[in-house]
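A short worksheet on the structure shown next.
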Amino acid sequence: MATDEPFRLPEREVRRLQRTRRHPRLTQPDYLHARYLVEALERTLPNVPPPVRDVLDVYCGTRPYQDLLPAGSKAVGMDLTDFAGVADVVSSEFLPFDDESFDLVTCTEAFYYVDDPRKAVDEIARVLRPGGSVVITVSLPWEYDRNTVEHRYTGPELEQLFGAWDDVRVTENGGYAVSWATLTGRIVYGVEEHLPAAARVLLRPLFVLVYALVSGIGMVLDRVERAGPQGANILPMNLMLTARRPA
């Protein structure tokens, strides 16, 4: 009798996804976005205020950033499905954990899937111990699935959501240039992925060259952008929020 097996990515594809997130290459379509994100996490996660013993990774995906967590901490990965074979807890319930179970909660590039963000913030506070920290990253100008409810957040909106918390800080990672490079790379990748298989193989070196060129131009433009005057308007590719539950 046939049974419905849960979808699971091949191990090779999981490793590829982990590599593109943790060690992005100039020749991938979203290089600058991925690089800025990982650099922000490298600055932040190892330096979360102690003590950090228990960590919850919400919507953990392939868990590419586990090595950046504070030394000696133990992480629990939670997701809606275990498509990568690395989730410890699979649940459609948001945070099915006891009160005050964790010292740090992370949610990397997935908070926009939360149906009710205010309720989610309350739940994060509930599972955190007093003085515990949260680190959330979200993309701003990015595609969405027409079949899925997703949110997009600005910096002031994230600050407002966590307004009752301590040490609230929102960091903008990448501006107009990084957003341009990321979206341009995505457009080119869309062309590549819709080619017939034989054409993709034949033209792959050309697409790799285009990705590298777009990334290079994006880096130059980003350097110019950061050196110029900073006005009130901004289009960051990614936002990082850090905050602490009041002790």
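Name the pairs whose Cβ atoms lie under 9 Å apart, with the first residue in the stretch 86-110 and on the phi > 0 side of the Ramachandran plot, the second of a type in the set (Val, Ile, Thr), and 6 or more positions between them or separate chains?
LEU95/VAL58; LEU95/VAL105; LEU95/ILE124; LEU95/VAL127; GLU100/VAL127; GLU109/THR137; GLU109/VAL138
What number of residues within the stretch 10-32 are of a type in the set (Ser, Thr, Tyr), under 17 Å from THR184 (Cα atoms) and open to solvent by less than 50 Å² (accessible area, probe 1.4 Å)?
Going through the stretch 10-32 one residue at a time, the tally reaches 1.
In this structure, does ARG63 turn out to be among the basic types (Lys, Arg), at positive phi, within 19 Å of the chain's Cα centre (by Cα) and surrounded by 15 or more Cβ atoms within 10 Å (Cβ to Cβ)?
Here the answer is yes, as ARG63 does meet what is asked.
Only one of LEU37, LEU68 is touching a residue at least 60 places away in the same chain (Cβ under 8 Å), open to solvent by less than 20 Å² (accessible area, probe 1.4 Å) and either under 15 Å from the mean Cα position of the chain (by Cα) or closer than 20 Å to ARG152 by Cα (or both); which?
So the residue among LEU37, LEU68 that is touching a residue at least 60 places away in the same chain (Cβ under 8 Å), open to solvent by less than 20 Å² (accessible area, probe 1.4 Å) and either under 15 Å from the mean Cα position of the chain (by Cα) or closer than 20 Å to ARG152 by Cα (or both) is LEU37.
Answer yes or no: is there a residue in the stretch 45-59 that is open to solvent by 20 Å² or more (accessible area, probe 1.4 Å), closer than 29 Å to GLY185 by Cα and under 15 Å from the mean Cα position of the chain (by Cα).
yes
Is it the case that the stretch 151-161 has a residue that's farther than 28 Å from LEU17 by Cβ, touching a strand residue (DSSP E or B) at 6+ places or on another chain (Cβ under 7 Å) and at pLDDT 95 or above?
The answer is yes, given that some residue of the stretch 151-161 is farther than 28 Å from LEU17 by Cβ, touching a strand residue (DSSP E or B) at 6+ places or on another chain (Cβ under 7 Å) and at pLDDT 95 or above.
Is it the case that some residue within the stretch 153-174 is of a type in the set (Ser, Thr, Tyr), in contact (Cβ under 8 Å) with a residue 40 or more places away in the chain and under 25 Å from GLY131 (Cβ atoms)?
yes
What is the residue count in the stretch 154-196 for residues that are open to solvent by 40 Å² or more (accessible area, probe 1.4 Å), farther than 24 Å from LEU41 by Cα and not in a loop (DSSP other than H, G, I, E, B)?
The qualifying residues number 4.
Test each condition in (1) modelled with pLDDT of 95 or more; (2) more than 30 Å from ARG118 (Cα to Cα); (3) not small (Gly, Ala, Ser) for GLN230 and report the one that comes out false.
In the conditions (1) modelled with pLDDT of 95 or more; (2) more than 30 Å from ARG118 (Cα to Cα); (3) not small (Gly, Ala, Ser), GLN230 misses (1) alone.
Report, by residue number, each residue of the stretch 197-243 that is open to solvent by less than 70 Å² (accessible area, probe 1.4 Å) and outside any helix (DSSP H, G or I).
GLY228, GLY231, ILE234, LEU235, PRO236, MET237, ASN238, LEU239, MET240, LEU241, THR242, ALA243
The values are calculated or read from the model by the stated rules, or taken from the named source; none is laboratory data. Computed from a predicted structure; not experimentally measured. Counting neighbours? That spans all protein chains shown, and the Cβs are built from the backbone with ideal geometry, glycine included. Note: accessible area is taken over every heavy atom of the protein model, side chains too, but ligands, DNA and RNA are not part of it. Shrake-Rupley method; radii C 1.70, N 1.55, O 1.52, S 1.80 Å.
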